[in-house]
2 protein chains.
Amino acid sequence: MNLTALANHQVRLARRPNGMPVREDWSFTTEPVAEPTDGGVLVKTLSLSLDPAMRGWMNDAKSYIPPVGINEVMRAGGVGKVIASKNPKYAVGDLVSGALGVQEYAAFGEAEAKKAGLVKIDTRAGTINQWLNVLGMPGMTGYFGLLDVGQPKPGDTVVVSGAAGAVGQTVGQLAKIKGCRVVGIAGGRAKCDWVVGELGFDACIDYKAGNVKAALKEHCPKGVDVYFDNVGGEILDDVLTRLARGARIVICGAISQYNNTTAVQGPKNYLSLLVFRARMEGMVVFDYVERFPQAVAELAGYLRDGRMKSKEDVVQGIENFPDTLLKLFKGENFGKLVLQVAQD
Amino acid sequence: MNLTALANHQVRLARRPNGMPVREDWSFTTEPVAEPTDGGVLVKTLSLSLDPAMRGWMNDAKSYIPPVGINEVMRAGGVGKVIASKNPKYAVGDLVSGALGVQEYAAFGEAEAKKAGLVKIDTRAGTINQWLNVLGMPGMTGYFGLLDVGQPKPGDTVVVSGAAGAVGQTVGQLAKIKGCRVVGIAGGRAKCDWVVGELGFDACIDYKAGNVKAALKEHCPKGVDVYFDNVGGEILDDVLTRLARGARIVICGAISQYNNTTAVQGPKNYLSLLVFRARMEGMVVFDYVERFPQAVAELAGYLRDGRMKSKEDVVQGIENFPDTLLKLFKGENFGKLVLQVAQD
């Protein structure tokens with residue numbers, strides 16, 4: 001392959017957004033592609049994972065990961081194909097996942113490849129898009145957040161917000177497999193119907209339809225043992241009023257708050273933690289990297305035997321990245337949001 | 001003793017307060033005293049424990065304990081002397097602690113005595129006032145909250161708010177004994193000086209002096225491993241920004257919020273739980289009743305060998321109950337607030 005003939009189209013963070021990101025927060029650049037250095041590898045991006053967490057990475061704030069720098073290529077996980085390699089770990093033609101960035105080609109030195117978490121994937125375990133969903137970061141987040149932090153027991157009532165999203169679909173289906181009663185919270189009738197009808201949740205509350213508290217009372221008569229929170233805001237406060245004694249709340253994210261131009265809305269009902277002797281605990285998926293293979297093996301088994309389904313919402317074209325990302329914050333994605341950059 | 005000659009002065013909840021309790025929220029009644037029924041016991045109140053939690057019991061809200069009913073004698077823990085008994089467990093002259101209520105004499109049937117947690121106390125282990133402080137509910141709250149929920153390890157940095165209060169003094173001294181670095185938060189120089197000079201905390205932050213966040217940075221250079229929270233509000237939010245990875249926050253109370261006429265101020269920095277992989281957990285002391293004797297024995301040992309000190313702020317006279325309770329919410333008490341009803 002004549003690499004020098006290739007142009008690498010990239011999306012960079014031009015400035016830090018104030019509230020919801022706008023077009024002017026991004027810049028589009030084109031760079032030449034070069035042969036990898038010794039130990040390096042060149043990856044052609046196939047699909048990118050679009051995640052709520054990306055919004056946090058755009059802020060200049062101390063967090064679990066440094067922010068994306070101004071004029072840096074936007075950070076993104078993805079799946080790509082190795083098209084040139086001077087590293088014995090990666091052969092041309094291998095499919096790999098890792099932090100590729102929002103660009104058509106990702107070049108890594110030896111140390112960079114490790115830092116990007118570049119690992120080979122096996123499409124016998126799942127499709128490329130499933131490797132960004134159930135078998136990827138969202139799936140790992142759901143798996144370890146639910147099992148390690150949430151610690152559900154058979155018979156527990158598990159509630160998950162963002163139920164039709166990438167993390168939510170894994171959490172709910174996994175909780176069902178582990179013998180729990182599962183109630184989702186999602187926006188709109190179509191998502192709720194899918195969550196119950198296709199994924200097999202026991203119930204799903206449409207928060208856009210209104211009274212979440214009353215619906216929780218109806219669907220969680222014994223209270224909520226595990227709440228896996230992807231959204232924060234009012235819904236977190238509503239669930240706090242319906243906890244079972246000794247409940248565990250997994251703080252995975254707070255998508256309702258990510259584009260605030262004012263302070264985050266803290267859970268005003270947090271003293272329910274005392275009333276119900278409950279706990280609220282944060283988690284970050286990167287802490288579990290060593291155990292990803294075990295989780296992938298288990299989840300791939302469920303995909304294979306049909307006990308777990310996955311749904312991806314695929315948008316085409318790297319130039320559509322800025323608008324596509326916003327679908328997450330408007331609740332417009334239905335399933336795991338994927339940006340397909342190339343077919344092959 | 002001629003019981004019928006005695007008059008029982010009582011303080012009752014006349015109506016539910018709106019914000020800070022006022023005189024009109026209370027009524028004063030006088031009832032005759034009667035011989036105990038079979039299995040019953042009559043207790044003369046000596047000292048009552050005045051606690052922030054009392055404010056919560058006055059609200060008509062679902063909580064860990066039913067609210068005090070309108071026109072009921074206000075609930076209060078205390079120490080008293082048995083002056084008549086038809087129950088073989090209690091002899092005349094015994095000192096007992098339990099839920100005596102804000103009244104001069106407490107009459108219990110057999111089942112009521114059990115429900116009130118009426119147990120004999122031994123003044124060789126501590127004074128009557130210490131039985132309301134380190135050896136009483138505040139001490140038990142500090143002991144189990146710190147050790148069971150906070151799970152401090154030697155070398156950990158433990159921060160406790162309300163450091164000069166009843167629970168705070170036990171928590172801080174116990175954390176020192178367990179090998180932790182201990183930083184208190186209290187209101188005013190005098191309290192802070194006492195907490196460091198007398199109780200041996202490593203540092204104490206005067207929140208009335210201003211910048212709590214900067215002071216936490218100075219005194220907790222490695223971050224906060226355990227935060228024992230008695231106050232909520234801004235201070236909780238400040239501590240959330242200074243957590244160490246894997247921190248444990250014990251939610252014991254939120255005195256800053258108890259007299260709100262608007263909603264509780266939720267911790268707007270709660271997403272720090274995610275950043276620091278930390279947890280926030282509520283506790284209620286009544287869950288640990290079975291283990292009180294073990295904790296009392298340990299704490300009495302520390303009092304005896306001088307490793308632990310206790311300070312009580314004693315106010316005289318049952319008629320002063322309404323005003324005295326307010327000292328808690330104004331931060332005017334210095335040490336455990338006790339209302340002495342009778343000398344003997």
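What follows draws every value from the coordinates through simple rules; no lab data is involved. None of the values given here were measured: they were computed from a predicted structure. Heads up, the Cβs are rebuilt from the backbone with ideal geometry, glycines too, and the neighbour counts pull from every protein chain shown.
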Once the Cβ-Cβ distance between B:Lys178 and A:Lys89 is put in as r, and R0 is 51 Å, what FRET efficiency do you end up with, to the nearest 0.05? 0.60
Which value, in Å to one decimal place, does the Kirkwood hydrodynamic radius take for the range B:42-132 when every pair of different Cα atoms is included? 13.7 Å
Among all the aspartates and glutamates, which ones have a C-alpha under 16 Å from A:Lys213's C-alpha, if same-chain residues fewer than 8 places away are not counted? A:Asp225, A:Asp229, A:Glu234, A:Asp237, A:Asp238
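Give me A:Asp202, A:Asp344 ranked fewest to most by other Cβ atoms within 10 Å of their Cβ, as a rough exposure proxy. Kindly include the intermediate steps, with their values, before the conclusion.
Working: A:Asp202 18, A:Asp344 6.
Least to most surrounded, the residues fall as A:Asp344, A:Asp202.
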Unit Cα scatterers, Debye sum, the range B:136-197: log10 I(q)/I(0) for q = 0.17, 0.23, 0.26, 0.27 Å⁻¹: -0.49, -0.87, -1.07, -1.13
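What value in Å³ per residue do you get for the convex hull of the alpha-carbon atoms in the range A:196-285?
Values: hull volume 11.2 nm³, N = 90.
Per residue, the Cα convex hull of the range A:196-285 comes to 125 Å³.
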Between rounded, prolate and oblate, where does the range B:137-286 land on the alpha carbon gyration tensor, with a ≥ b ≥ c its root eigenvalues, rounded for a/c under 1.5, else prolate if a/b exceeds b/c? rounded
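So which trypsin sites (Lys or Arg not before Pro) in the range A:1-41 pass both tests, a DSSP loop state and at most 15 other Cβ atoms within 10 Å of the Cβ?
On the way: sites: A:Arg12, A:Arg15, A:Arg23; in loops: A:Arg15.
Filter output for the range A:1-41: A:Arg15.
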Label 7 Å beyond Cα on the Cβ vector: A:Pro221 copy-to-copy distances, nm: 5.9
A correct Karplus calculation of ³J(HN,Hα) over the range A:49-57, with 6.51 cos²θ - 1.76 cosθ + 1.60, θ = phi - 60°, whole Hz and x for Gly and Pro, returns 8, 9, 10, x, 4, 4, 4, x, 5
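Take every DSSP beta bridge whose two residues both sit in chain B, then give the antiparallel share in percent to the nearest 5. It would help to have the intermediate numbers written out before the result.
Working: 30 of 56 bridges.
Taking every DSSP beta bridge with both residues in chain B, the antiparallel ones total about 55 percent.
Using 0.36 nm times the number of residues separating A:Arg291 and A:Arg245, minus their current alpha carbon distance, what extension gain do you get?
Numbers: separation 46, 0.36 × 46 = 16.56 nm, distance 3.03 nm.
Computed gain between A:Arg291 and A:Arg245 is 13.5 nm.
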At R0 = 41 Å the Cβ-Cβ FRET efficiency linking B:Thr29 and A:Asp193, nearest 0.05, sits at 0.10
Per residue, how big is the convex hull around the C-alpha atoms of the range B:76-118? Give it to me in cubic angstrom, could you? 61 Å³
For the rotation taking A to B, I'd like to know which residue in chain A has the C-beta closest to the axis, plus that distance in Å. A:Gly266, 2
Simple spin-label estimate for B:Ala5 and B:Arg307 in nanometres, 7 Å along Cα-Cβ: 4.9 nm
Between 0 and 90°, nearest 10: helix A:292-304 axis offset from chain A longest Cα axis: 70 degrees
Which lysines have a Cα less than 21 Å from the Cα of A:Lys217, not counting those fewer than 8 places away in the same chain? A:Lys153, A:Lys176, A:Lys191, A:Lys208, A:Lys268, B:Lys62
Could you give the distance between the Cα centres of the range B:268-328 and the range B:155-188, to the whole Å? 11 Å
Each residue of the range B:143-159 in turn: what ³J(HN,Hα) in whole Hz from Karplus with 6.51, -1.76, 1.60 and θ = phi - 60°, glycine and Pro shown as x? 5, 6, x, 5, 6, 7, 8, x, 6, x, 10, x, x, 5, 9, 10, 10
What FRET efficiency, computed as 1/(1 + (r/R0)^6) with R0 = 30 Å and r the Cβ-Cβ distance, is obtained for A:Asp122 and A:Asn71, rounded to the nearest 0.05? 0.25
Which residue fluctuates the most in chain A, going by a Gaussian network model with Cα springs under 10 Å, if the choices are A:Gly150, A:Gly210, A:Gly317? A:Gly210
More than 26 Å apart - percent of Cα-Cα pairs taken over the range A:43-201: 38 percent
Over the protein assembly as shown, what lengths in whole Å, largest first, do the semi-axes of the equivalent ellipsoid take, defined as the square roots of 5 times the eigenvalues of the alpha-carbon gyration tensor? 58, 26, 21
Local electrostatic count at B:Arg248 - Lys and Arg +1, Asp and Glu -1, tallied over other residues with Cβ under 12 Å: -1
So which cysteines of chain A have no other cysteine's Cβ under 4.7 Å from theirs? A:Cys180, A:Cys220, A:Cys252
Residues whose built amide H sits under 5 Å from the amide H of B:Leu337, excluding neighbours closer than 5 in sequence, are B:Leu50, B:Ala166, B:Asp313
At q = 0.22 Å⁻¹, what log₁₀ I(q)/I(0) does the range B:242-323 have when each alpha carbon counts as one equal point scatterer in the Debye sum? -1.08
How many percent of the alpha carbon pairs in the range A:1-76 exceed a separation of 21 Å? 39 percent
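Take the alpha carbon atoms of the range A:277-337, find their radius of gyration, then divide it by 2.2 N^0.38 Å using N residues; give the quotient. Mind showing how you got there, number by number?
Details: Rg = 16.2 Å, N = 61, 2.2 N^0.38 = 10.5 Å.
Normalised by 2.2 N^0.38 Å, the Cα Rg of the range A:277-337 equals 1.55.
How much space per residue, in cubic angstrom, does the convex hull of the C-alpha atoms of chain A take up?
Values: hull volume 43.6 nm³, N = 344.
Cα convex hull per residue, to the nearest whole number: 127 Å³.
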Hey, fewest Cβ within 10 Å first, where do B:Val171, A:Val275, B:Val22, A:Val134 land in order? B:Val22, A:Val275, A:Val134, B:Val171
Through the Karplus equation 6.51 cos²θ - 1.76 cosθ + 1.60, θ set to phi - 60°, convert the phi angles of the range B:191-206 into ³J(HN,Hα) values in whole Hz; use x for Gly and Pro. 4, 5, 4, 5, 4, 7, x, 9, 8, x, 4, 6, 7, 9, 9, 8
Between helix B:166-177 and chain B: long-axis angle, C-alpha atoms, 0 to 90°, nearest 10: 50 degrees
Quick one: Debye curve from the alpha-carbon atoms of the range B:102-181 only, equal weights, vacuum; give me log10 I(q)/I(0) at q = 0.15, 0.20, 0.25 Å⁻¹ to two decimals. -0.64, -0.91, -1.14
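So what is the 222 nm mean residue ellipticity for chain B from helices alone, if each DSSP H run of at least 4 adds -39500 (n - 2.57) and you divide by all residues, rounding to the nearest 500 deg cm²/dmol? Please list the in-between numbers first.
Working: 10 runs with 82 residues, N = 344.
Result for chain B: -6500 deg cm²/dmol, rounded to the nearest 500.
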